[in-house]
Amino acid sequence: MSKPVFIGIDIATENLRAVVIDEIGIALASSNHPLAPVVSGAGNSKTQDFSSWITAIDSVLREISNKCKQLDLIPQSLSISATSGTFLLTDSKLIPIAAAAMYNDGRGSTVLGRAEAIINSVNNSGPFYLLNTPEFVIAHLAQQAC
C-alpha cells in the first residue's frame with residue numbers, strides 16, 4: 001500500500017542533506033552529497049561554486065526517488081532550506097555572474113553591500129537578480145536556470 005511522505009532538503013555550507021518523513025515525522029529514507037569547499041579570496045571574500053548545489057540536488061533527489069519507489073512511498077511535497085545569507089547574483093536569464101557569496105563573505109557589512117561589491121567587480125551592465133540558495137535550486141528544478 002502506498003504511503004504519502006514529505007521530502008526535506010537542507011543545503012548547508014559543506015553538504016546537502018535530504019530526509020523523507022511520513023505524516024507523523026518518522027524518517028523513512030535519507031541521502032546526502034558534499035558541496036564544493038568555501039574559497040577565501042581577496043577583500044575577505046568567501047565564495048562557493050554554485051554548480052555544486054546543482055550536482056548535489058540532482059544526485060540526492062535521484063537517490064531519494066529510487067528509495068521512495070522501492071518502499072512504495074509517494075512524495076507529497078518538497079521543502080528546501082539553506083544557510084541564511086548565502087546568495088548568488090545572476091543576469092536576467094538567471095545565469096550566474098560570479099561565484100555564490102557565502103553568509104560570512106566580508107566584502108560588505110550587509111547582503112546589499114556584498115552584492116554591490118560583486119557587481120562592481122564584473123564586466124556586466126545588468127539587470128541583476130539576487131537569489132538565495134533555495135531560490136536558485138528551485139529555479140534549476142523548474143528548469144529556469146542552469
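Read-outs: derived from the displayed coordinates by stated rules, not from any lab. None of these values were measured; they are calculated from a predicted model. Cβ atoms come from the backbone with ideal geometry, glycine included; neighbour counts cover every protein chain shown.
Around GLY106, which amide H atoms from residues at least 5 apart in sequence, or from another chain, sit under 5 Å from its own amide H, with H modelled in the peptide plane?
SER45, LYS46
With a Förster radius of 35 Å, plug the Cβ-Cβ distance of LEU71 and SER92 into 1/(1 + (r/R0)^6) and report the FRET value to the nearest 0.05.
0.25
Report the antiparallel proportion of the DSSP beta bridges in the chain as a percent, rounded to a multiple of 5.
In the chain, approximately 70 percent of DSSP beta bridges are antiparallel ones.
Given charges of +1 on the Cβ of Lys and Arg and -1 on the Cβ of Asp and Glu, with all other atoms neutral, how large is the dipole of the chain about its Cα centre, in debye to the nearest 20?
Details: 9 positive and 12 negative charges, 20 e Å.
My answer is approximately 100 debye.
Among the lysines, which have Cα under 19 Å from the Cα of LYS3 when same-chain residues fewer than 8 positions away are ignored?
Excluding near neighbours in sequence, the set is LYS67, LYS69.
Would you mind checking the tilt of helix 51-71 against the longest principal axis of the Cα atoms of the chain, expressed as 0 to 90 degrees and rounded to 10?
Helix 51-71 sits roughly 10 degrees off the main axis of the chain.
In the chain, how does Rg compare with the Kirkwood Rh, expressed as the Rg/Rh ratio over alpha carbon atoms? Spell out each step's value before the answer.
Details: Rg = 17.0 Å, Rh = 16.2 Å.
Dividing the radius of gyration by the Kirkwood radius yields 1.05.
Where a Cα-Cα gap under 28 Å defines reach, which lysines qualify for LYS93, not counting those fewer than 8 residues away within the same chain?
Partners found: LYS46.
Summing Lys, Arg as +1 and Asp, Glu as -1, what charge do residues with Cβ under 11 Å from the Cβ of GLN48 carry, GLN48 excluded?
Working: positive: LYS46; negative: GLU14, ASP49, ASP105.
That sum, taken over residues with Cβ under 11 Å, equals -2.
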